[in-house]
Amino acid sequence: MMDIQRSLDLLHMTIYSQSISPCGKFLAAGNNFGEIAIFSLSAALSSEAKDESKKPVVSFAAHDGPIYAMVSTDRQLLSAGNGEVKAWNWSEIVKKGCKEAWSRRPPYGSSLEVPEINSLQLNLKDNSLLMAGGDCAIHMMDLESGTFTHEYRGHTDYIHCLALRDQLRECLSGSEDGTVRLWDLRSGGQVQCIEVHKYEECSRPQNGKWIRCLATDSDWMVCGGGPALTLWHLRSVTPTTVFPLPQCQQQVTFYQDLILSAGHGPTINHLQISGEVKAQIPCTPSCIHSLSINEHSPEHKVLTAAGSSHRIDVFTNFSYRAFSLVFT
């Protein structure tokens, strides 16, 4: 009976989040059942790799709801579930001893519903963690003391995504309310509010106005969701390039001279700043929720893509899928 249940779970599994270990040899993945699986990239990429090498070295129940976001510090894996962030020591996880190191809840006031946390962002300059989600606010937590130090309010609906402009000590947030907001992390003030859907070239009313993904590179930002994936110049608040992708995009990142994006559709898009779609690389999940690039270890440098499947695609050369890890 357990086997039937697990087969059904695998069928309905969605992987929402990924994080690479500080040494670059392990990948953590979090799913809709609140489970975390740890994969050995070094074993899976080795020339002696067998099927077993593509399965988790360990997996454990971490939260009682979906794990929408994960990040790693130099020592810990941080995972966000319903209303709380938990920390796991990488040194212990890998040895299969999975006890949480700590757990914290942002100050949600009196709401009876526990809001989910959709996004985590490390702010290394201040040794702090930014988190945002269902309560429409961004909370900043000091990682040293575990205390919540700032709260940034202004969004009128839940927040999907965060990105840092760390050289300016600014944070960007994208929300269901259709706006991207820019915050000064020191003063706590809102610097800018861009109503993306009000720009005709980005607007796609049939898809809604929600902003699901954003990334930033100094004066540039790329964002998408309901509106078309668009490259913006932040200083002049101008949409400079609208990418011709009909599907809603859920993940985006600047990579070398490209922009990589993915979302509703079984492809990873390689985009040029000029707006050209350079390549569309097929992948297993029909909907992608998480893209991760391992920059920590040159010999394990891979792109991994996860979403509506129990398989995580691994791209060694970014132009084709080498193999898949299997969340069992």
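Which members of the range 259-287 meet the condition of being within 20 Å of W220 (Cα to Cα), aliphatic (A, V, I, L, M) and not in a loop (DSSP other than H, G, I, E, B)?
Passing the criteria: I259, L260, A262, L271, V277.
Considering only residues of the range 208-244 that are of a type in the set (D, E, K, R) and more than 24 Å from Q167 (Cβ to Cβ), which is most open to solvent (accessible area, probe 1.4 Å)?
Kept after step one, since they are of a type in the set (D, E, K, R), are these residues of the range 208-244: 209, 212, 217, 219, 235.
Cutting the leftovers down to more than 24 Å from Q167 (Cβ to Cβ) gives us 209, 212.
Working: K209: 91, R212: 44 Å².
Looking at residues that are of a type in the set (D, E, K, R) and more than 24 Å from Q167 (Cβ to Cβ), I get K209.
Whether any residue in the range 228-239 is in contact (Cβ under 8 Å) with a residue 12 or more places away in the chain, touching a Cys at 6+ places or on another chain (Cβ under 8 Å) and either of a type in the set (K, R) or part of a loop (DSSP other than H, G, I, E, B) (or both) is what I want to check. Full working, then the answer.
Our first condition is that a residue be in contact (Cβ under 8 Å) with a residue 12 or more places away in the chain; within the range 228-239, this holds for 228-235, 237, 239.
In the following step, the residues that additionally are touching a Cys at 6+ places or on another chain (Cβ under 8 Å) were identified as 228-230, 232, 239.
Subset that is either of a type in the set (K, R) or part of a loop (DSSP other than H, G, I, E, B) (or both): 228-229.
Yes.
Just the residues that are closer than 24 Å to F33 by Cα, among the small types (G, A, S) and either open to solvent by less than 50 Å² (accessible area, probe 1.4 Å) or touching a residue at least 24 places away in the same chain (Cβ under 8 Å) (or both), please, taken from the range 261-287.
Those that are closer than 24 Å to F33 by Cα, among the small types (G, A, S) and either open to solvent by less than 50 Å² (accessible area, probe 1.4 Å) or touching a residue at least 24 places away in the same chain (Cβ under 8 Å) (or both): A262, G263, G265.
Within the group Q247, Q251, which residue is open to solvent by 30 Å² or more (accessible area, probe 1.4 Å), part of a loop (DSSP other than H, G, I, E, B) and modelled with pLDDT of 95 or more?
Values: Q251 fails: part of a loop (DSSP other than H, G, I, E, B).
That would be Q247, the only listed residue that is open to solvent by 30 Å² or more (accessible area, probe 1.4 Å), part of a loop (DSSP other than H, G, I, E, B) and modelled with pLDDT of 95 or more.
Being of a type in the set (A, V, I, L, M) and within 17 Å of I293 (Cβ to Cβ) is the filter here, so list the residues in the range 14-57 that pass it. Before the answer, list the steps.
The first filter runs over the range 14-57 and keeps only residues of a type in the set (A, V, I, L, M), leaving 15, 20, 27-29, 36-38, 41, 43-45, 49, 57.
I15, I20, L27, A28, A29, L41, A44, L45, listed by residue number.
Name the single residue, out of those in the range 153-178 being hydroxyl-bearing (S, T, Y) and buried (at least 22 other Cβ atoms within 10 Å of the Cβ), that is nearest to M221 (Cα to Cα). Lay out the reasoning, then the answer.
From the range 153-178, those hydroxyl-bearing (S, T, Y) are 156, 158, 173, 175; that's our starting set.
Applying the additional criterion that residues be buried (at least 22 other Cβ atoms within 10 Å of the Cβ) yields 173, 175.
Numbers: S173: 11, S175: 15 Å.
Per the stated criteria, the residue is S173.
On the basis of being open to solvent by 70 Å² or more (accessible area, probe 1.4 Å), in a helix (DSSP H, G or I) and more than 20 Å from T284 (Cα to Cα), does D3 make the cut? Explain how you work it out, then say what you get.
Working: open to solvent by 70 Å² or more (accessible area, probe 1.4 Å): yes; in a helix (DSSP H, G or I): yes; more than 20 Å from T284 (Cα to Cα): yes.
Judged against the criteria, D3 is a match.
Counting residues that are buried (at least 20 other Cβ atoms within 10 Å of the Cβ), which strands (runs of 3 or more DSSP E) fully inside the range 288-328 reach at least 3?
Per the criteria, 288-293, 303-307, 311-315.
Within the range 34-50, which residues are within 17 Å of the chain's Cα centre (by Cα) and either surrounded by fewer than 18 Cβ atoms within 10 Å (Cβ to Cβ) or on the phi > 0 side of the Ramachandran plot (or both)?
G34
Looking at H197, H150 in this structure, which one is open to solvent by 40 Å² or more (accessible area, probe 1.4 Å), within 26 Å of Q251 (Cα to Cα) and in contact with a Ser or Thr (Cβ under 9 Å, 6 or more places away or on another chain)?
On the way: H150 fails: within 26 Å of Q251 (Cα to Cα).
Of H197, H150, the one residue that is open to solvent by 40 Å² or more (accessible area, probe 1.4 Å), within 26 Å of Q251 (Cα to Cα) and in contact with a Ser or Thr (Cβ under 9 Å, 6 or more places away or on another chain) is H197.
In the range 61-78, which residue that is out of contact with any strand residue (DSSP E or B) (no Cβ under 6 Å at 6 or more places or on another chain) and under 17 Å from E92 (Cα atoms) is least open to solvent (accessible area, probe 1.4 Å)?
T73
Out of the strands (runs of 3 or more DSSP E) lying entirely within the range 146-226, which hold 3 or more residues that are free of Cβ contacts under 8 Å to residues at least 40 places away in the same chain and more than 20 Å from the chain's Cα centre (by Cα)? So that I can check it myself, show each step before the final result.
On the way: elements: 148-153, 159-165, 170-175, 179-184, 190-195, 211-217, 220-225.
Strands (runs of 3 or more DSSP E) meeting the threshold: 148-153, 190-195.
Go through the range 102-139 and give me each residue that's among the aliphatic types (A, V, I, L, M) and open to solvent by 10 Å² or more (accessible area, probe 1.4 Å). Give the derivation first.
Just the residues of the range 102-139 that are among the aliphatic types (A, V, I, L, M), to begin with: 112, 114, 117, 120, 122, 124, 129-132, 137-138.
Listed by number, the residues that qualify are L112, V114, L120, L122, L124.
Kindly indicate the residue of the range 25-80 that is without any contact (Cβ under 8 Å) to a residue 24 or more places away in the chain and in contact with a Leu (Cβ under 9 Å, 6 or more places away or on another chain) and also nearest to S324 (Cα to Cα) among those meeting that condition.
Checking each candidate, the answer is S53.
In this structure, is G307 more than 21 Å from I67 (Cβ to Cβ), in contact with a strand residue (DSSP E or B) (Cβ under 8 Å, 6 or more places away or on another chain) and small (G, A, S)? Even if it seems obvious, please write down each step before you answer.
On the way: more than 21 Å from I67 (Cβ to Cβ): no; in contact with a strand residue (DSSP E or B) (Cβ under 8 Å, 6 or more places away or on another chain): yes; small (G, A, S): yes.
No.
In the range 307-326, what count of residues is obtained for those that are farther than 18 Å from S40 by Cα and under 17 Å from the mean Cα position of the chain (by Cα)? Explain how you work it out, then say what you get.
The initial filter retains those residues of the range 307-326 that are farther than 18 Å from S40 by Cα, namely 307-309, 317-320.
Among the residues that remain, those that are also under 17 Å from the mean Cα position of the chain (by Cα) are: 307-309.
Of the residues in the range 307-326, 3 are farther than 18 Å from S40 by Cα and under 17 Å from the mean Cα position of the chain (by Cα).
The values are calculated or read from the model by the stated rules, or taken from the named source; none is laboratory data. Predicted, not measured: the structure shown is a model, and the values here were computed from it. Cβ: placed from backbone, ideal geometry, glycine included. Neighbour counts: every protein chain shown. Side chains are part of the model used for accessible areas, which takes the heavy atoms of the whole protein and leaves out ligands, DNA and RNA. Shrake-Rupley method; radii C 1.70, N 1.55, O 1.52, S 1.80 Å.
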